[in-house]
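The structure appears right after this line, and notes come after that.
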Protein chains: 2
Amino acid sequence: MTTRIVELRQGILKKNDELARDLRGRFTTAGVLVLNLVSSPGTGKTTFLERTLRDLREGGARVAALVGDLETDNDARRLAASGAPVRQINTHGICHLEAEMVSKHLDGWQLADLDYLFIENVGNLVCPSSYDLGERIRVALLSVTEGEDKPLKYPTLFNSADAAIITKIDLAEPCGFDRETALHNIHEIRPGIKIFEVSAKSGAGMAGWLQYLREQRP
Amino acid sequence: MTTRIVELRQGILKKNDELARDLRGRFTTAGVLVLNLVSSPGTGKTTFLERTLRDLREGGARVAALVGDLETDNDARRLAASGAPVRQINTHGICHLEAEMVSKHLDGWQLADLDYLFIENVGNLVCPSSYDLGERIRVALLSVTEGEDKPLKYPTLFNSADAAIITKIDLAEPCGFDRETALHNIHEIRPGIKIFEVSAKSGAGMAGWLQYLREQRP
């Protein structure tokens with residue numbers, strides 16, 4: 001039984017990797033920078049993305065977002081308030097996004113008309129790590145409320161990320177957040193990773209993040 | 001391909017259900033109340049459980065815990081400080097606990113010498129919902145920092161839970177937690193579920209939770 005499961009799992013991942021490679025090719029040709037945002041439920045991905053979309057649009061950038069959830073279109077409705085084109089992907093029980101779901105939800109969008117496409121993954125620190133969505137930048141988010149040891153306990157995500165965001169820094173003090181330990185643990189799993197410390201509520205740290213996004217554009 | 005995956009998945013779940021049924025029989029015979037704690041990473045399961053173990057032991061109860069994580073034995077070491085027997089289950093990449101892992105880690109423990117056994121699941125709001133561990137009470141935890149819509153976005157967990165715990169209520173004000181909406185959303189998914197609002201830090205709400213535990217004992 002185990003052998004069959006491993007073979008099937010490898011088959012699924014191989015198919016996903018092939019689709020992701022095709023997607024990455026399309027994104028590169030279109031000149032759109034694609035980011036895959038992964039975190040625990042409740043880290044504040046949607047609030048952070050709302051602010052990012054709004055700030056980028058105010059700077060004249062053309063942005064869009066896909067947002068994954070098991071159920072509800074709450075997040076798509078929240079993000080659409082930014083004025084950017086947004087589509088919800090409901091996975092109905094599947095705990096991560098896959099390249100095929102992304103591909104299907106791009107139908108009708110002109111990628112060449114976009115500067116940035118954000119993909120907000122299903123809230124889950126484990127399973128999304130195994131699924132390439134064709135993104136150029138994988139972003140791991142961690143909030144100050146979650147505990148500094150998360151990078152050590154969920155190493156696959158942090159190890160496969162290109163950037164890490166520490167969110168809700170406005171709550172660092174009431175949460176007793178130990179910043180040095182958190183930074184140390186992230187660097188232990190992924191030495192040299194770019195880390196941003198932000199509050200989408202107050203705007204603290206957003207300028208550095210937006211600057212990074214501009215520098216990453218093809 | 002999809003058909004084979006569904007069949008395999010059903011096979012795995014069926015095997016897990018059979019093992020869980022056996023475990024439940026053993027737990028009932030031994031007279032130990034078993035609880036399965038499920039939440040997002042960072043909800044504060046371990047801190048809540050530390051306090052619960054300590055408070056129960058001070059009241060003379062015999063308690064033990066199993067704790068699941070992909071990697072590290074941080075949580076087992078934290079929980080062991082309570083003086084209770086604790087064992088870490090490292091899943092090495094698997095995003096949930098299964099009945100077989102629980103069964104293996106009970107070796108050598110005399111279940112009849114225990115009043116309560118707590119199983120802290122891997123931090124994940126999705127996958128653990130599908131795996132019965134033989135528990136009598138499934139507890140879904142949600143912190144005030146995570147957003148009030150989580151029960152709607154992860155309905156399977158909340159719908160299969162016997163009790164819900166809202167954690168970190170000491171942070172409700174700085175987080176702008178909307179208590180009415182959170183309670184409403186939990187009840188919408190699971191009408192009549194028992195809800196406890198607690199702070200393991202200040203001890204608020206713990207008395208009601210401990211009282212509930214005593215009432216649930218066989």
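The values are calculated or read from the model by the stated rules, or taken from the named source; none is laboratory data. These numbers come from a predicted model, not from an experiment. Cβ coordinates were reconstructed from backbone atoms using ideal geometry, including for glycine residues, and neighbour counts include every protein chain displayed. With ligands, DNA and RNA removed, areas are computed over all heavy atoms of the protein, side chains included. Shrake-Rupley method; radii C 1.70, N 1.55, O 1.52, S 1.80 Å.
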query = Which far-off residues, 5 or more places away or on another chain, put their amide H under 5 Å from the one on A:Lys194, with H placed in the peptide plane?
reply = A:Ala164
remark   = For region A:89-105, in residue order, the Karplus 3J(HN,Hα) values (coefficients 6.51, -1.76, 1.60; θ = phi - 60°; whole Hz; Gly and Pro = x) are 10, 9, 8, 6, x, 7, 8, 6, 8, 10, 4, 5, 5, 4, 4, 4, 7
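Rank these by accessible area, largest first, 1.4 Å probe: A:Lys168, A:Lys104.
Working: A:Lys168 40, A:Lys104 130 Å².
I get A:Lys104, A:Lys168, largest accessible area first.
How compact is region A:136-218 by the rule of thumb for globular proteins, expressed as Cα Rg over 2.2 N^0.38 Å?
Details: Rg = 12.5 Å, N = 83, 2.2 N^0.38 = 11.8 Å.
So the Cα radius of gyration is 1.06 times the expected 2.2 N^0.38 Å.
In debye, nearest 20, what is the charge dipole magnitude of the protein assembly as shown about its Cα centre with +1 on Lys and Arg Cβ and -1 on Asp and Glu Cβ, if you could check? Working shown, then result.
Numbers: 54 positive and 60 negative charges, 95 e Å.
Dipole magnitude for the protein assembly as shown comes out near 460 debye.
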query = On the accessible surface of region A:14-216, probed at 1.4 Å, how many percent belong to carbon and sulfur atoms?
reply = 47 percent
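What's the local net charge at A:Arg214, with K and R +1, D and E -1, over the other residues with C-beta under 15 Å away?
Overall, the nearby charge balance is +1.
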note = Beyond 23 Å (Cα-Cα) in this structure, taken from B:Lys45/B:Lys150; A:Lys153/A:Lys201; A:Lys104/B:Lys15; A:Lys15/A:Lys153; A:Lys201/B:Lys150; A:Lys15/A:Lys150, we find A:Lys153/A:Lys201; A:Lys104/B:Lys15; A:Lys15/A:Lys153; A:Lys15/A:Lys150
Top positive-direction residue, dipole computed over region A:14-216 with Cβ charges, set A:Ala99, A:Gly59, A:Ala164 = A:Gly59
message = Taking A:Asp22 in one copy and the same position in all the others, each labelled 7 Å out along Cα→Cβ, what are the pairwise distances from the first, in nm, shortest first?
response = 4.4
request  = Rounded to whole Å and sorted largest first, list the principal axis extents of the Cα atoms in region B:14-216.
outcome  = 47, 39, 33
task = Determine the total buried accessible area between chain A and chain B, counting protein heavy atoms only with a 1.4 Å probe; round to the nearest 100 Å².
result = 2900 Å²
remark   = Per residue convex hull volume, Cα only, the protein assembly as shown, in Å³ is 139 Å³
ask   = Cα-Cα pairs above 11 Å in region B:166-206: how many percent?
value = 65 percent
note = With one decimal in nm and the nearest listed first, the spacings from A:Arg9 to its own position in the other copies, using label points 7 Å along Cα-to-Cβ, are 1.5
ask   = Between A:Gly208 and the same site in the other copies, what are the distances in nm, shortest first, taking label points 7 Å from Cα along the C-beta direction?
value = 4.1
